[in-house]
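Note sheet for the following structure.
The values are calculated or read from the model by the stated rules, or taken from the named source; none is laboratory data. Quick caveat, the model's predicted, so the values are computed rather than measured. Virtual Cβ from ideal backbone geometry, glycine too; neighbours counted across all protein chains shown. Heads up: the accessible areas ignore ligands, DNA and RNA and are worked out on the full protein's heavy atoms, side chains in. Shrake-Rupley method; radii C 1.70, N 1.55, O 1.52, S 1.80 Å.
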Amino acid sequence: MSVACGVECVFVLGCARWLWKRCTYIGSYDSATWPSATADEFEPAPRVCRLILAIYEPDLLQPQHYQPAGGYRLNPDWVVKRVTYEDTLGHAPPYIIYVDHDHREIVLAVRGLNLVKESDYKLLLDNSLGKQMFDGGYVHHGLLKSATWLLNRESETLKQLWVENGSEYGMVFAGHSLGSGVVSLLTILVVNHREKLGGIPKEKIRCYAIAPARCMSLNLAVKYANVIHSIVLQDDFLPRTPTPLEDIFKSVFCLPCLLFLVCLRDTFIPEGRKLRDPRRLYAPGRMYHIVERKFCRCGRFPPEVRTAIPVEGRFEHIVLSCNTTSDHGIVWIQREAEKALQLMKDHSSETVTVPPTVQKFERLKTIEKEHKDALERAVSLNVPHAVDTAEKEPSANNEGEASSSGAKDPSSTQSKSSGARANWDEVVEKLLKKNETADPHLERDTNVPQ
């Protein structure tokens, strides 16, 4: 009897410990060891949030959504195209193409999930997890299909805008929630085939995934961390939920129950097993975590932004908080990003001790080193396909040489000489075939995006 009581006590204490750790876990713990971001690198975040919000505006001349005093203002005259659900026919969420002459950027921004649109749910449900291998990793099939359709429709427009405005302009892809997954995979396509957009250099391409969906395997998330930037507000549930997107939104009306069950299940999965699973999807790129709440403290505090390229512990823990869904809202993310940016600017203006150009150069070197370290860390942890990723990741000098000698690439020469419209379905097909050659035993999804 005493032995049974002892076992029961141990079991009760173990459950109580687990419950205490789960209930007291807050979003800021995920990035507790990360360094702070700088104002220069985080400056585009509130701006791209505002551009995404413009998709929701019924009238750009009289915006209804949050616009801080002195914040970024969109110029309606610079809007090249606004595309609605009637135009996309369910192939992609609505989006906007905008030329920001003040910041010398060509922006393609995609809105997030519409809870009342059946086409958005179909896009999420169009996935066979673990069967869609792409560019040496795994991706969400429906989001890849949507990205391919979007490029087939708008790549000529983007190419023409970049050629007309000059090489000093950059190209920015931005999306929220569902749209973040679309633009992240779209960015991978563009980076690998820049000649189809006029030969734009890789350093001119940026992607901002706001409240990102987990849409790619870990090796791809780390590989493209120098191009894709994910912005997460405190306790947001979506970047932390490894459950396939289709399961999440099937249970959208019982989301708290699902999150609790996912939290319970993932507690008992070893970290090494997660890392060795090549089919597990992650939030893409470099992470920027906006932190504004503390343990056992009420209300929001002045937000701070932490950044890193995590390999293990990449937002793996569900936060049991009443803010898990509210922190996913684009309006709240823009508001807190504006506050955080202003605080960073105020702080830097008070503490600058060296010329800004030196600071920017040093930070650039730090970012490059963090990316290299993350790739090496992925290799050391035996992350599947990370070896090829680390070996093939080009340096900045190699990229410049490749850009200047683009004539050596047959596909590039053919594209430039023919002047024909780029077919991104063929690009995807080539990358899928490359994966088949690399791994002949791979079970391939037969639903190739068309």
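Here are some notes:
- Only listed residue being touching a residue at least 60 places away in the same chain (Cβ under 8 Å) and either touching a strand residue (DSSP E or B) at 6+ places or on another chain (Cβ under 7 Å) or not β-branched (Val, Ile, Thr) (or both), chosen from 86, 105, 57: 105
- If only residues of the range 143-183 that are assigned to a helix (DSSP H, G or I), open to solvent by less than 10 Å² (accessible area, probe 1.4 Å) and of a type in the set (Ser, Thr, Tyr) are counted, the one that is nearest to residue 113 (Cα to Cα) is 180.
- Selection status of residue 166, among the small types (Gly, Ala, Ser) and under 27 Å from residue 334 (Cβ atoms): no
- Among the residues of the range 151-209, those identified as polar (S, T, N, Q) and closer than 24 Å to residue 42 by Cα are 167, 177, 180, 184, 187.
- Of everything in the range 290-346 that is in a loop (DSSP other than H, G, I, E, B), hydroxyl-bearing (Ser, Thr, Tyr) and within 17 Å of residue 213 (Cα to Cα), the residue that is most open to solvent (accessible area, probe 1.4 Å) is 325.
- Residue that is modelled with the lowest pLDDT [pool: residues in the range 357-381 that are open to solvent by less than 80 Å² (accessible area, probe 1.4 Å) and over 25 Å from residue 221 (Cβ atoms)]: 358
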